[in-house]
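The values are calculated or read from the model by the stated rules, or taken from the named source; none is laboratory data. Bear in mind the structure is a predicted one, so any value in this text is a computation, not a measurement. All Cβ positions, glycine included, derive from the backbone under ideal geometry; neighbour counts span all protein chains shown. Just the protein is used for accessible areas: all its heavy atoms, side chains included, with ligands, DNA and RNA removed. Shrake-Rupley method; radii C 1.70, N 1.55, O 1.52, S 1.80 Å.
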Number of protein chains: 2
Amino acid sequence: MPSGTAASCVTVALVQTRCVDSQQANLDKTVQRIADAAAQGADVVCLEELFDGPYPCQSEDHRQFDRAEPIPGPTSRRLAEAAAEHGVVLIASLFERRAPGLYHNTAVVIERDGHLVGTYRKMHIPDDPGYYEKFYFTPGDLGFSAFATTAGRLGVGVCWDQWFPEAARLMALRGAHILFYPTAIGWLVDEKAEFGTSQHAAWETMLRSHAIANGLFVAATNRVGREGQIEFWGASLVCDPNGNILARAPHDEEVTLLVQCDLSQIDVVRTHWPFLRDRRIDAYGGLTQRFLDQPPGESHSRDP
Amino acid sequence: MPSGTAASCVTVALVQTRCVDSQQANLDKTVQRIADAAAQGADVVCLEELFDGPYPCQSEDHRQFDRAEPIPGPTSRRLAEAAAEHGVVLIASLFERRAPGLYHNTAVVIERDGHLVGTYRKMHIPDDPGYYEKFYFTPGDLGFSAFATTAGRLGVGVCWDQWFPEAARLMALRGAHILFYPTAIGWLVDEKAEFGTSQHAAWETMLRSHAIANGLFVAATNRVGREGQIEFWGASLVCDPNGNILARAPHDEEVTLLVQCDLSQIDVVRTHWPFLRDRRIDAYGGLTQRFLDQPPGESHSRDP
């Protein structure tokens with residue numbers, strides 16, 4: 001497909017796995033899954049967040065920085081070889097060592113010929129019990145992008161980004177056809193019974209809302225398995241520009257989810273639900289503020 | 001409850017009705033429902049969009065402008081009397097005649113003593129087959145507000161606004177506890193079988209997403225009944241700051257939906273899902289643009 005057009009189908013593959021301690025074992029398994037997905041017709045493969053090891057942020061542990069690599073580096077090169085060997089576009093999430101004391105949670109977009117199309121550094125960094133990412137990751141400085149590839153223009157966010165409508169909108173305004181979110185989200189074991197259903201529903205609702213509000217496809221790849229106090233909830237999914245879920249992976253199984261996305265739907269949906277036409281860009285300046293004081297006279301009272 | 005604090009419960013009432021041609025009949029019925037809701041403990045009552053008559057925008061018909069009134073005007077005064085008599089905050093949607101040739105789709109917020117707290121003029125104006133609003137309504141010029149009332153700080157959008165995450169966010173940044181959306185949305189009769197389920201699901205998903213993304217309550221009041229080619233789908237709803245639907249009205253019945261909202265949940269949810277903490281306001285400038293060209297170097301390729 002010519003990049004930048006929306007005339008044909010793209011087959012998306014989401015690789016949802018359970019991670020073990022051995023980086024080599026995770027990488028080997030993932031490369032095999034990339035090969036299998038390509039054999040089944042995948043155009044673009046998206047891995048889960050930090051797919052090459054256990055989620056490193058459950059505690060603030062300086063030893064975890066040893067997992068990070070520069071980009072380009074050994075892992076990104078291995079992935080590029082796999083992309084080229086199997087002829088797929090690849091979206092992979094890596095723990096990036098950019099400089100001493102400067103680390104990012106970064107996604108790379110690799111073309112079918114193995115070249116690096118671009119990188120995205122996670123912009124929104126969470127910090128909550130069990131997810132101490134602010135200790136590890138410097139907030140990204142590359143903004144929100146849509147990368148032109150032979151599988152369409154691909155927006156890439158990482159996990160926590162998916163809760164921010166601003167990120168999805170900015171990728172849409174850059175021309176994205178599909179938003180990909182490599183993810184590592186799960187239930188804290190002692191919260192699952194009380195809040196688990198609501199938490200998972202909220203996650204799915206936000207992903208679907210980005211598809212609807214922006215008239216594009218949304219795909220999220222999450223991991224599965226218990227790691228420490230987190231039970232990662234899997235349920236990787238792809239939804240269409242109306243927010244309908246085209247496919248959803250199970251909560252607890254390793255699986256590669258293949259979904260066909262007909263990019264020609266984007267213009268059809270957007271001309272029937274023309275939100276991009278009607279945005280009030282003259283009135284959105286406040287979005288760059290942390291909080292807004294009341295404008296003078298807003299609470300002005302008068303006789304109705 | 002002192003305005004501006006979030007320490008107690010607010011009982012919300014949504015008045016979902018079927019409209020007839022007689023403005024007087026619609027108004028009388030609605031005032032009776034306001035009285036009934038107040039008797040059941042309502043603190044704030046939200047009416048559906050343009051509640052005092054059939055939805056006027058199914059065709060481009062100059063005679064419909066005769067329905068519009070100034071604000072203050074006869075209808076807003078009648079509503080203010082009802083609010084004062086029954087001691088409830090009232091959110092009502094009106095066809096506003098501001099000046100000759102200048103009309104708006106406007107919502108008023110009226111206090112329990114009958115004074116007008118403020119007005120909101122619909123910012124996002126739709127225009128689709130059966131919903132020819134751009135013919136009638138000048139886009140609003142008052143921005144997005146959260147009105148301080150004795151029932152909390154209330155954000156008010158109108159119908160089409162609910163598809164725009166920017167609007168919800170801006171009301172949240174102004175301190176809103178609850179977002180209200182007077183609404184007139186339905187199925188085009190000849191589309192319902194094929195698209196109806198997906199359309200309604202998309203609507204509900206967007207409303208829930210605003211609650212989740214902003215950690216506040218969201219309420220939408222929709223009308224019911226067949227008018228011309230539109231079957232209004234009712235299903236007025238209130239959801240909590242986690243996006244859980246607290247109550248949903250039926251698709252085809254007149255009903256007043258009463259829901260208790262514990263505003264103290266807002267701070268709890270926002271400190272557990274701290275999205276407002278992590279917004280990247282340094283990187284959101286593009287949201288005031290219609291579309292974004294690729295930044296220089298974004299598609300820069302290099303060896304991974």
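State all residues of segment A:88-121 that are closer than 20 Å to A:Phe135 by Cβ, under 17 Å from the mean Cα position of the chain (by Cα) and among the hydroxyl-bearing types (Ser, Thr, Tyr); if no residue qualifies, say none.
Listed by number, the residues that qualify are A:Ser93, A:Thr106.
Answer with yes or no whether A:Ser93 is touching an Asp or Glu at 6+ places or on another chain (Cβ under 9 Å), within 30 Å of B:Met206 (Cβ to Cβ), crowded, with 24+ Cβ neighbours inside 10 Å and at the interface with another protein chain (Cβ under 8 Å from one of its Cβ atoms).
Criteria not met by A:Ser93.
Scanning segment A:97-117 for residues that are closer than 27 Å to A:Glu85 by Cβ and open to solvent by 30 Å² or more (accessible area, probe 1.4 Å), which turns out nearest to the other protein chains (Cβ to nearest Cβ)?
Across segment A:97-117, the extreme among qualifying residues is A:His115.
Sort out which residues of segment A:55-83 are open to solvent by less than 50 Å² (accessible area, probe 1.4 Å), within 14 Å of chain B (Cβ to nearest Cβ) and not acidic (Asp, Glu), and write them in order of number.
Selection gives A:Ile71, A:Pro72, A:Gly73, A:Thr75, A:Ser76, A:Leu79, A:Ala80, A:Ala82, A:Ala83.
Among the residues of segment B:166-223, write down those that are more than 21 Å from B:Lys122 (Cα to Cα) and in a strand (DSSP E or B).
Answer for segment B:166-223, where residues must be more than 21 Å from B:Lys122 (Cα to Cα) and in a strand (DSSP E or B): B:Trp187, B:Leu188.
Quick check on segment A:217-230. Is at least one of its residues in contact with a Ser or Thr (Cβ under 6 Å, 6 or more places away or on another chain), surrounded by 21 or more Cβ atoms within 10 Å (Cβ to Cβ), within 8 Å of another protein chain (Cβ to nearest Cβ) and among the polar types (S, T, N, Q)?
no
Condition first: closer than 20 Å to A:Gly53 by Cβ and in a strand (DSSP E or B). Now tell me which residues in segment A:81-101 satisfy that.
Of everything in segment A:81-101, those that are closer than 20 Å to A:Gly53 by Cβ and in a strand (DSSP E or B) turn out to be A:Leu90, A:Ile91, A:Ala92, A:Ser93, A:Leu94, A:Phe95, A:Glu96, A:Arg97, A:Arg98.
Which of the residues that make up segment A:171-216 are polar (S, T, N, Q) and crowded, with 19+ Cβ neighbours inside 10 Å?
The answer is A:Thr183, A:Gln199, A:Thr205, A:Ser209, A:Asn214.
Taking the stated definitions as given, is B:Ala146 touching a helix residue (DSSP H, G or I) at 6+ places or on another chain (Cβ under 6 Å) and either open to solvent by 10 Å² or more (accessible area, probe 1.4 Å) or at pLDDT 95 or above (or both)?
yes
Taking B:Ser209, is it over 25 Å from B:Arg279 (Cα atoms), among the small types (Gly, Ala, Ser) and within 9 Å of chain A (Cβ to nearest Cβ)?
Taking the combined requirement at face value, the residue does not satisfy it.
Can you confirm whether A:Ala38 is part of a helix (DSSP H, G or I) and open to solvent by less than 10 Å² (accessible area, probe 1.4 Å)?
no
Only residues that are surrounded by fewer than 17 Cβ atoms within 10 Å (Cβ to Cβ) and either hydroxyl-bearing (Ser, Thr, Tyr) or at pLDDT below 95 (or both): list them for segment A:253-278, please.
Correct list: A:Ser264, A:Thr271.
Could you pull out the residue among A:Pro250, A:Pro296, A:Pro241 that is in a loop (DSSP other than H, G, I, E, B), more than 8 Å from chain B (Cβ to nearest Cβ), at pLDDT 95 or above and under 27 Å from B:Ile125 (Cβ atoms)?
Of the residues listed, the single one that is in a loop (DSSP other than H, G, I, E, B), more than 8 Å from chain B (Cβ to nearest Cβ), at pLDDT 95 or above and under 27 Å from B:Ile125 (Cβ atoms) is A:Pro241.
Give segment A:118-150 a look and list any residue that's over 20 Å from A:Ala220 (Cβ atoms) and either within 10 Å of chain B (Cβ to nearest Cβ) or basic (Lys, Arg) (or both), or say none.
Residues satisfying the conditions are A:Asp127, A:Pro129, A:Lys134, A:Pro139, A:Asp141, A:Leu142, A:Gly143, A:Ala148.
Would you mention how many residues in segment A:253-274 are farther than 26 Å from A:Lys192 by Cα, among the aliphatic types (A, V, I, L, M) and not in a loop (DSSP other than H, G, I, E, B)?
Number of matching residues: 5.
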